[in-house]
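One structure below.
The values are calculated or read from the model by the stated rules, or taken from the named source; none is laboratory data. Every value quoted in this text rests on a predicted model; they were computed, and no experiment measured them. Every residue, glycine as well, gets a Cβ built from its backbone with ideal geometry; the counts of neighbours run over all protein chains shown. Heavy atoms of the whole protein, side chains included, go into the accessibility calculation; ligands, DNA and RNA do not. Shrake-Rupley method; radii C 1.70, N 1.55, O 1.52, S 1.80 Å.
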Amino acid sequence: MSVQIQKKLFTSDELYEINNQSEQQYELVDGELVEVAPVADAHGGIAVNIAAEIRAFNKEKRLGVVRVETGYKLTNSLTRGPDVSFYTKDKEQLAVLQRQEGYLNFAPDLAVEIVSRGDRTGEVLEKVDEYLTAGVALIWVVYPKKELVYVFRPDEPVLILHRKNGDTLLGYDVLPGFELKLETVFEIEA
């Protein structure tokens, strides 16, 4: 006779409480807790560079809100915290109402994932698929070691940008007029 042990599945609200009470931080994938490790210095520097550039652009244009490591409840059993995110003004009021309740109950318009040493390609692509399915309009997947960025948009071919080519990230419809040279993305303070 075999005994099956059922895993405890968590909700986004339970995840919020766990992350508030624990030193370790988690994301929620298919109702299961997935440990999120602290990031390396270069990873943090790249996140700051991207967030600062979007924030400076947005301060003038007032298109929406820039966030770092903010949790988004994409479904009841899926909560992700992109390294950098942006959501447009039309979601701003919704965010203000939800701010006291935990994670934001919508998908950002831009999600930036900076790939860490331990990240597996399949896991990164799974996140991209989850974001696209949830309605994220623009995803930048940043590879610090290779100094390149994969750009994902719904129904568009994947674009691969390289620092060595002098390439520039664009904001497309999410951040109209926004341009960010990869040289700036990968310029880490000493």
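Considering (1) open to solvent by 20 Å² or more (accessible area, probe 1.4 Å); (2) out of contact with any helix residue (DSSP H, G or I) (no Cβ under 7 Å at 6 or more places or on another chain); (3) not β-branched (Val, Ile, Thr), the lone condition that residue 25 does not fulfil carries the number (2).
Across region 159-190, the qualifying residues are those that are part of a strand (DSSP E or B) and of a type in the set (D, E, K, R), and the one among them that is surrounded by the most Cβ atoms within 10 Å (Cβ to Cβ) is 181. Within region 98-116, one or more residues are open to solvent by 40 Å² or more (accessible area, probe 1.4 Å), closer than 26 Å to residue 17 by Cα and among the aromatic types (Phe, Trp, Tyr).
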